[in-house]
Amino acid sequence: MTEQELKILAKNLANPEGKTGREVAKMMNETNISMTKETTKALHLMDNEKVLELGHGNAGHLSYLLDFAENIQYTGLEISETMKSEAENINSKYVSQAKFQLYDGNRIPFENESFDKVMTVNTIYFWENPVEFFNEIYRILKKDGSFVLTFAKKDFMKNLPFTADFKLYNYEDVEELVAQTNFKRMIHSDKEEWITSKTGTLVKREYKVLTIKK
């Protein structure tokens, strides 16, 4: 890929827009599906729970999530108007259980203790104020709620040609951030998989699934 193509890819990974954004989102859903499924499993969803996903992309995985328990109420938040629209189109049959909403990427527009579970996959690289955002997530979680955060490790991400402007993390980096927040407990698991990268090459991706408890 040319330098310009890599810049366009990086921009649409952070905030998908228009036709290119929809194409990138489809690719993201396909390449991230294992990460998303592992994240969903780690939520340990139960009947009637309210779930918030931050940065849902096209939400092509929603049917998988809703199958985990009865009457799950899902809310997706996005900074991308394109992704909100795409997710609504793809998931129109789930309108009774799912809604999608835009936000500014910083302030989560819900009242305190609104959700049982919160999840996000591959978004931490774009958080403007991580400690403040962790505390926003803490605020909207119910008592004993949990937040599952999944991200690819720094050693993997730094070798990709489109991540120059991403903020990359290893486990210790995130552990240090969480220590500055209101969260009290965190467990982590290491995962790895072989994927075709967004530039078309086969690579081994190592990633972390963190369950952070209120």
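A helix-only calculation puts the chain at -11000 deg cm²/dmol for mean residue ellipticity at 222 nm, using -39500 (n - 2.57) for each DSSP H run of at least four residues, averaged over all residues. Cross-link partners for LYS158 among the lysines, with Cα-Cα distance under 21 Å and sequence neighbours closer than 8 places in the same chain left out: LYS7, LYS11, LYS167, LYS191, LYS198, LYS204, LYS208.
For the chain, what is the charge dipole size about the Cα centre, in debye to the nearest 20, if Lys and Arg each add +1 at the Cβ and Asp and Glu each add -1 at the Cβ?
Details: 29 positive and 33 negative charges, 32 e Å.
The calculated dipole for the chain is roughly 160 debye.
Kirkwood radius, segment 108-154, all distinct C-alpha pairs, inverse of mean reciprocal distance: 11.3 Å.
Packing-based ranking of 64-77, 181-194 yields 64-77, 181-194, ordered from highest to lowest mean Cβ neighbour count within 10 Å.
Taking amide H positions as modeled 1.01 Å from N, with prolines and chain starts lacking one, the residues under 5 Å from LYS142 and 5 or more places away or on another chain are SER114, PHE115, ASP116. Would you mind classifying segment 27-81 by shape? Square roots of the alpha carbon gyration tensor eigenvalues, ordered a ≥ b ≥ c; an a/c under 1.5 is rounded, otherwise it is prolate if a/b is larger than b/c and oblate if not. Oblate shape, in that a/c is at least 1.5 and b/c is the bigger or equal ratio. Largest first and in whole Å, the equivalent-ellipsoid semi-axes of segment 3-213 read 24, 21, 16, each the square root of five times a Cα gyration tensor eigenvalue. Of the trypsin sites (Lys or Arg not before Pro) in segment 70-179, the ones in a loop by DSSP (not H, G, I, E or B) with at most 14 other beta carbons within 10 Å are ARG107, LYS158, LYS167.
Every number in this text was worked out from the coordinates using simple rules, so none of it is lab data. Nothing here was measured: the structure is a model prediction, and the numbers come from that model. Note: ideal-geometry Cβ built from the backbone for every residue, glycine included; neighbour counts use all protein chains shown.
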